[in-house]
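See structure below.
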Amino acid sequence: MYRRKLPHWRTDGAVYFVTWRLAKHQPCLGAEERAIVVEVIKHFEKERYEIPAYVVMDDHVHVLVLPLESFALHQIVHSWKSFSAKRLVKEMGRPTPVWQHEYFDRIVRDDEELMQKAQYILNNPSKRWPSLEEYPWVGIGSGV
């Protein structure tokens, strides 16, 4: 087993596409667990960041996020992962670690790419489960 460090480029006022996965030994997230992760992600919306779109899948999370003022992306993602992990361990009895150590992020370059990434996020559940009619853990937030 090895660890790698993914590069994380930053620019002021940028929207980022961020994604992370469950740790390898973790079972898929159930409905109540996905709701907890959504609640954690949306907790500081409009205070520390804006969220154009998000989805919490059964084994990974995608978020478009615009950090506000002096809030750094790595701090935001760390808080999402750590607070959701703490709640999943405490309330749902999950073993640790809940999430993989790293996460992937990419700067969204323009409005066209923002719309493409938002559409990708919103379509993620129906792509995975084509017969699915409703998925409550996906949404458009502020910023689109």
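Every number in this text was worked out from the coordinates using simple rules, so none of it is lab data. Note that this is a predicted model, so its numbers are computed, not measured. We place every Cβ from the backbone using ideal geometry, glycine too, and count neighbours over all the protein chains shown.
When only the Cβ of Lys, Arg, Asp and Glu is charged (+1, +1, -1, -1), the dipole of the chain relative to its Cα centre reaches about 760 debye.
Remark: segment 92-107, residue by residue, has Karplus-estimated 3J(HN,Hα) of 10, x, 6, x, 9, x, 7, 10, 4, 4, 8, 9, 10, 9, 9, 6 Hz, where x stands for each Gly or Pro and the curve is 6.51 cos²θ - 1.76 cosθ + 1.60 at θ = phi - 60°.
Exposed loop sites are taken as trypsin sites (Lys or Arg not before Pro) in a DSSP loop (any state but H, G, I, E or B) with at most 14 other beta carbon atoms within 10 Å; the longest stretch of the chain without one runs 47-108.
Amide H to amide H distances under 5 Å link TYR49 with LEU68, where only residues 5 or more positions off or on other chains count and H is placed in the peptide plane. Under the combined filter of DSSP loop state and at most 13 neighbouring Cβ atoms within 10 Å, segment 5-112 retains these chymotrypsin sites (Phe, Trp or Tyr not before Pro): TRP9.
The string of couplings for segment 134-140 from the Karplus curve (6.51, -1.76, 1.60, θ = phi - 60°) is 9, 9, x, 9, 9, x, 9 Hz, one whole number per residue in order, with x for Gly and Pro. Of the residues GLY13, VAL38, TRP99, the one whose Cα sits farthest toward the positive end of the charge dipole of the chain, with +1 on the Cβ of Lys and Arg and -1 on the Cβ of Asp and Glu, is TRP99. Computing FRET efficiency as 1/(1 + (r/R0)^6) for GLU134 and GLU102, where r is the C-beta to C-beta distance and R0 is 22 Å, gives about 0.10. Of LYS42/LYS86; LYS24/LYS46; LYS86/LYS127, which pairs sit farther than 25 Å apart, going by alpha carbon to alpha carbon? Checking Cα-Cα distances, LYS24/LYS46; LYS86/LYS127 exceed 25 Å.
Positive-end ranking of LEU122, LEU64, LEU29 along the dipole of the chain, with charges on Cβ about the Cα centre, is headed by LEU29.
Counting only Cα atoms, segment 64-135 measures 41, 39, 18 Å along its principal axes, largest extent leading. Taking the centroid of alpha carbons for each part, segment 15-37 and segment 70-97 are 10 Å apart. Sites listed here are GluC sites (Glu not before Pro) in segment 34-103 whose DSSP assignment is loop and whose Cβ has at most 10 other Cβ atoms within 10 Å: GLU47, GLU69.
3J(HN,Hα) along segment 25-41: 7, 7, x, 4, 6, x, 4, 5, 5, 4, 4, 4, 5, 4, 4, 5, 4 Hz, from the Karplus curve 6.51 cos²θ - 1.76 cosθ + 1.60 with θ = phi - 60°, whole Hz, x for Gly and Pro.
Grab the DSSP H runs of the chain that are 4 residues or longer, score each as -39,500 (n - 2.57), total them, divide by all residues and round the 222 nm result to the nearest 500 deg cm²/dmol.
Taken over the chain, the calculation gives -11500 deg cm²/dmol.
In terms of overall dimensions, segment 24-79 has a Cα radius of gyration and Dmax of 12.1, 37 angstrom.
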